[in-house]
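Working notes, structure below.
The values are calculated or read from the model by the stated rules, or taken from the named source; none is laboratory data. None of the values given here were measured: they were computed from a predicted structure. In this analysis, Cβ positions are derived from the backbone assuming ideal geometry, glycine residues included, and neighbour counts consider all displayed protein chains. Protein only, heavy atoms only, side chains kept; ligands, DNA and RNA dropped before computing areas. Shrake-Rupley method; radii C 1.70, N 1.55, O 1.52, S 1.80 Å.
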Amino acid sequence: MNRIDLEGRKAVVTGGARGIGRAICQRLTDSGARCAIWDRDEAAAVEAAGAIAGSEAIRVDVTDPRAVDSAVAATAELMGEIDILVNNAGIAGSSRKLWECEPEEWQEVLQIDLFGVFLCCRALLPGMITRGYGRVVNIASIAGKEGNPNASHYSAAKAGVIGLTKSLGKECAESGVIVNCVTPAVIETDILKQISDEHVDYMLSRIPMGRFGLTEEAASLVAWLSSGDCSFTTGGVFDLSGGRATY
């Protein structure tokens with residue numbers, strides 16, 4: 001592992017209790033940062049924080065503005081001001097045609113995967129701008145660029161994250177705050193349990209490398225995007241797709 005220098009930095013990782021989020025927390029702390037694990041599963045967050053030195057567990061529902069504001073206050077009390085925000089929390093939703101989805105499910109996916117990103121950025125960005133330094137990394141998806149069949153809610157939400165990233169990167173361009181997103185293809189995590197085997201097979205068939213990505217590979221890219229070395233790239237979209245991405 002190439003060690004990226006995040007010494008003294010403080011990070012928030014949403015959905016940090018498992019999967020990609022947990023791997024990101026581990027990589028950031030290995031690089032010298034302290035990390036707040038924001039997750040709605042309190043038990044899993046506490047377990048992860050116990051296993052990852054330099055991390056703290058905070059229960060938060062990223063779709064609730066008051067809960068996000070409370071999490072900001074609790075994090076500041078434990079760690080001080082936040083330099084890095086990684087918006088990773090998300091759900092896939094079921095594998096169904098658009099007209100087979102219930103409105104409530106569509107709304108839930110967009111609330112967690114897109115509205116939650118807005119709320120966390122809204123809560124933490126003003127402090128970063130005031131201090132003249134910050135890094136925001138949003139975890140989108142290749143589905144947001146290409147649109148996966150039977151995943152219209154997820155594809156739409158992740159496309160929204162890409163658009164949000166580009167807009168926010170421009171808004172913060174002169175502030176010292178850098179905003180980018182990562183668009184993975186399939187990373188091998190528990191989120192695969194939420195979708196059908198047929199949909200998993202479809203996604204794997206689209207990856208020229210013939211395998212799923214690893215959480216550690218995602219964490220490596222996020223660590224660089226969270227660092228001072230990433231200084232002239234903002235509003236960027238970084239593919240992590242094993243060759244699937246075509247633009």
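Provide a single number: the residues in the stretch 4-23 that are part of a strand (DSSP E or B) and open to solvent by 10 Å² or more (accessible area, probe 1.4 Å).
Qualifying residue count for the region: 1.
Within the stretch 18-39, can you find the residues that are without any contact (Cβ under 8 Å) to a residue 40 or more places away in the chain and out of contact with any Cys (no Cβ under 9 Å at 6 or more places or on another chain)?
30, 32, listed by residue number.
What is the residue count in the stretch 192-241 for residues that are at pLDDT 90 or above, buried (at least 19 other Cβ atoms within 10 Å of the Cβ) and over 19 Å from the mean Cα position of the chain (by Cα)?
Of the residues in that region, 0 qualify.
Kindly provide the set of residues from the stretch 30-51 that are more than 22 Å from residue 181 (Cβ to Cβ), in contact with a strand residue (DSSP E or B) (Cβ under 7 Å, 6 or more places away or on another chain) and open to solvent by less than 40 Å² (accessible area, probe 1.4 Å), ordered by number.
Selection gives 45, 48, 49.
Restricting to the stretch 81-106, count the residues that are under 19 Å from the mean Cα position of the chain (by Cα) and either open to solvent by 60 Å² or more (accessible area, probe 1.4 Å) or under 25 Å from residue 232 (Cα atoms) (or both).
7
Among the residues in the stretch 77-97, are any free of Cβ contacts under 8 Å to residues at least 12 places away in the same chain and of a type in the set (A, V, I, L, M, F, W, C)?
no
In the set 166, 158, 170, which member is of a type in the set (D, E, K, R), in contact (Cβ under 8 Å) with a residue 12 or more places away in the chain and crowded, with 24+ Cβ neighbours inside 10 Å? Lay out the reasoning, then the answer.
Numbers: 166 fails: crowded, with 24+ Cβ neighbours inside 10 Å; 170 fails: crowded, with 24+ Cβ neighbours inside 10 Å.
The match here is 158.
Considering only strands (runs of 3 or more DSSP E) fully contained in the stretch 24-139, which possess at least 1 residues that are touching a Phe, Trp or Tyr at 6+ places or on another chain (Cβ under 6 Å)? If you could, list the steps in order and put the result at the bottom.
Working: elements: 34-39, 55-59, 84-87, 134-139.
Filter on the stretch 24-139 gives 55-59.
Would you check which residues across the stretch 182-241 are in contact with a helix residue (DSSP H, G or I) (Cβ under 6 Å, 6 or more places away or on another chain), among the hydroxyl-bearing types (Ser, Thr, Tyr) and in a helix (DSSP H, G or I) and list them?
Within the stretch 182-241, just 215 meets the criteria.
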